[in-house]
Amino acid sequence: MAGEMKYLGRDPETRRHPSSILEGVRSVMMLATNYCSTDPIPLSDSASLATGGRGRVSRYAWGETDYHQLVWGRLDQLAERARELFPGCQARGVIDTAPLLEREFASLAGLGWQAKNTMLISPRHGSWFFLAALLLDVDLPADPPIEIDYCGTCTACLDACPTDAFLAPRVLDARRCISYLTIELKTQIPRPLRSAMGDWMFGCDVCQEVCPWNRFSESTEDSHFYPVADDRSGKGLEGTVDLRELFFWTEARFRERFRSTALWRPRRRGLLRNAAVVLGNQRQAESVPALSAGVCDSEPLVRGASAWALGQVGGEAAREILARRMLEESDPEVREELATSLDELETKG
């Protein structure tokens, strides 16, 4: 159920033991970095987002710095300290880019337990943290794991998932997960799942925001994870993005704004695809100029998503834009999106 994430099934032998990462490894030190900054706009409040044409961003990506770069720097410092304490030792730090099952090791190390939403939850800190590991070729005493399933009978995360991505407790179909759809998926988002995305333009935090254990989360003092300043966002809209303006940005502007952040992973084409879907879900006539630019974009992925969104917004202006673009479009998949939207508008009258 990994969808396009083929790397998860590649070379399974490398995941059997961390010696594939560090030869002679004897200990794995598991680490957590808190990224819980300000409180997001409540999930129930979408009106203020729709009015301004804004989209939600997963909390881990609010800052100006890609967390990989930040944590790697700290792992390097920790590795150097280990070499001072154990002269001649080998050490290597990793954070979710190496074939290491971080959650399994973190669970064994007692950092938390794997919850029904598949996240690792700490009884003291909730789940708003990154996992990292320092591998060492020296023996260190092991901490005991948490043996109790503290989720109990709670199913809040399973019940709240907008796309029903959980097939059972701790069983996630990534192909239905909004985080996968907006970050990892490189093609069009399947039509049946677009409306369920709601306002999420990058990632999704629903299963964490509804988790009772996150009531115990403490705010991080690390400013790297604070929301990027946006004078237009308004009070209470931290961690959101003005979607309409994105359609008028140059490639250079995209790189300047997102290149050093976690949001750059799907690149410009993926971000604009996501932005178009969210604007379609919000159904605001004020979004038509942005989507009109999107339906003429150089990327077929953006044109197709914008065609769908214009069909959702509706109205005579949207219908005329779709019809005009249909006369010029050559990509078969985009033409299908255009035709479907036109047919739906015709049916609605």
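Summary table
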read-out: Unit charges at the beta carbon, dipole of the chain: most positive-side option, SER122, GLY9, GLY93; value: GLY9
read-out: In nm, spacing of pseudo-spin labels at ASP76 and ASP242 (7 Å Cα→C-beta vector); value: 3.6 nm
read-out: Modelled FRET efficiency - R0 41 Å, THR340 with ARG124, Cβ distances, 0.05 increments; value: 0.25
read-out: Dipole of segment 162-281, positive end: most advanced residue of PRO190, SER219, LEU271 [Cβ charges, Cα centre]; value: PRO190
read-out: The chain - charge dipole about Cα centre, Lys and Arg +1 at Cβ, Asp and Glu -1, debye rounded to 20; value: 300 debye
read-out: Accessible area (Å², 1.4 Å probe, nearest 10) - TYR226; value: 90 Å²
read-out: Calculated FRET efficiency for the pair GLU84/GLU4, C-beta based, R₀ 51 Å, to 0.05; value: 0.75
read-out: Of the GluC sites (Glu not before Pro) in segment 276-349, those whose Cβ has at most 11 other Cβ within 10 Å and which sit in DSSP loop; value: GLU328
read-out: The chain - percent of accessible surface contributed by carbon and sulfur, probe 1.4 Å; value: 51 percent
read-out: Hz values of 3J(HN,Hα) by residue in segment 139-145 - Karplus curve (6.51, -1.76, 1.60), Gly and Pro given as x; value: 7, 10, x, 8, 7, x, x
read-out: Stretch gain in nm, segment ALA252-LEU43, where the contour uses 0.36 nm per residue and the Cα spacing is subtracted; value: 72.0 nm
read-out: Candidates ARG303, ARG83, ARG325, ranked by Gaussian network fluctuation over the chain, Cα under 10 Å, top entry; value: ARG83
read-out: Folded to 0 to 90 degrees: helix 300-313 orientation relative to the chain principal axis, Cα; value: 60 degrees
read-out: Per-residue [θ]222 nm for the chain (sum of -39500 (n - 2.57) over DSSP H runs n ≥ 4, rounded to 500); value: -10000 deg cm²/dmol
read-out: Inter-label distance for LEU101 and GLU23, nm, one decimal - labels placed 7 Å from Cα along Cα-to-Cβ; value: 2.5 nm
read-out: Added length on full extension, which subtracts the Cα-Cα distance from 0.36 nm per residue, THR347 to LYS186; value: 54.9 nm
read-out: Cysteines not pairable in the chain (beta carbon separation under 4.7 Å absent); value: CYS36, CYS89, CYS151, CYS154, CYS161, CYS177, CYS204, CYS211, CYS296
read-out: With DNA, RNA and ligands ignored, accessible area of LEU101 (1.4 Å probe; Å², nearest 10); value: 80 Å²
read-out: GNM top mover of GLN69, GLN312, GLN282 - the chain, alpha-carbon springs below 10 Å; value: GLN69
read-out: Hull shadow area, averaged, segment 1-148 [alpha-carbon convex hull, nm²]; value: 11.7 nm²
read-out: Euclidean distance of C-alpha centroids, segment 177-232 and segment 110-166, integer Å; value: 18 Å
read-out: Residue-level accessible surface for ARG283, protein heavy atoms, 1.4 Å, Å²; value: 120 Å²
read-out: Reciprocal mean inverse distance between Cα atoms of segment 80-178 - Kirkwood radius, Å; value: 15.6 Å
read-out: Extended-chain gain in nm, criterion 0.36 nm per residue less alpha-carbon gap, ALA285 and HIS68; value: 74.3 nm
read-out: Gaussian network model of the chain, springs between alpha carbon atoms under 10 Å - residue of SER48, SER217, SER127 with greatest fluctuation; value: SER48
read-out: All-pairs Cα distance distribution in the chain, expressed in whole percent, bin size 10 Å; value: 5, 22, 30, 23, 13, 5, 1, 0
read-out: Average accessible area per residue (Å²) across the chain - probe 1.4 Å, nucleic acids and ligands excluded; value: 49 Å²
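The values are calculated or read from the model by the stated rules, or taken from the named source; none is laboratory data. Everything numeric here is computed off the predicted structure, so don't read it as measured data. As a convention, Cβ positions derive from the backbone with ideal geometry for all residues, glycine included, and neighbour counts pool all protein chains shown. In case anyone asks, the SASA skips ligands and DNA or RNA and just uses the protein heavy atoms, side chains included. Shrake-Rupley method; radii C 1.70, N 1.55, O 1.52, S 1.80 Å.
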